[in-house]
Amino acid sequence: MDVLVALAGVLLALISQKPLHRIEEGSVGVYWRGGRLLNMTSAPGYHLQWPILTKHANVQGRIRRRLVHLVLTFLRFEKLWIEDVTYHEINVLCSKYTLHQVYISHFDQLDELLQARMSALLAQWAPGLEIMSIRFTKPDLPAAIRESYELVDEEKIKLLVGVMPRSYDFPID
């Protein structure tokens, strides 16, 4: 009788440990035996395991699909590819020339030079952006420098007028 009670107790212990288990749809069953993760996995459905010795867990393995709608956004590229590049290229151009060249002698060419440099740069780093036109304005010179340039221009005009031959004598009536 004692043997039957012991056997019933062991049988009850085995049944209470759920040797039959279910792996949910969209999950994978993983197993541990004696605390060590086993290499085997199981597909969804009902499966048997060694009670007490083996433990299992459902690991969700479902592939989730999400529909991502195309959202049109305005990219703020003008700061990076126009303003910053323009300031840099102006600094590069102006560092190659003297103040006289920038302000007077080469001023009419600066538009084309800057447009060519920026177009080459944008073709390399931001294809699709195109520089349509560039317009330089005369730089604001400090008053002292501007006055000295005006004096130099006046002296040039006086020298040119003094050197020019007088080919016309206008009769005064």
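Since every read-out is calculated from the coordinates, none of them should be taken as a lab result. Since we're looking at a predicted model, the values are computed, not measured. A quick note on method: Cβ atoms are made from the backbone with ideal geometry, for glycine too, and the neighbour counts reach across all protein chains shown.
The table for this structure:
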| read-out | value |
| --- | --- |
| Stretchable slack from SER95 to ARG146, in nm (0.36 nm times residue separation minus alpha-carbon distance) | 16.4 nm |
| With 10 Å bins from 0: P(r) over the stretch 80-137, alpha-carbon pairs, percent | 23, 54, 20, 3 |
| Label zone at LEU20 (point 7 Å along Cα-to-Cβ), backbone N below 15 Å, the stretch 36-57 | 45-51 |
| Alpha-carbon radius of gyration plus Dmax, which is the widest Cα pair, for the stretch 19-60 in Å | 9.5, 27 |
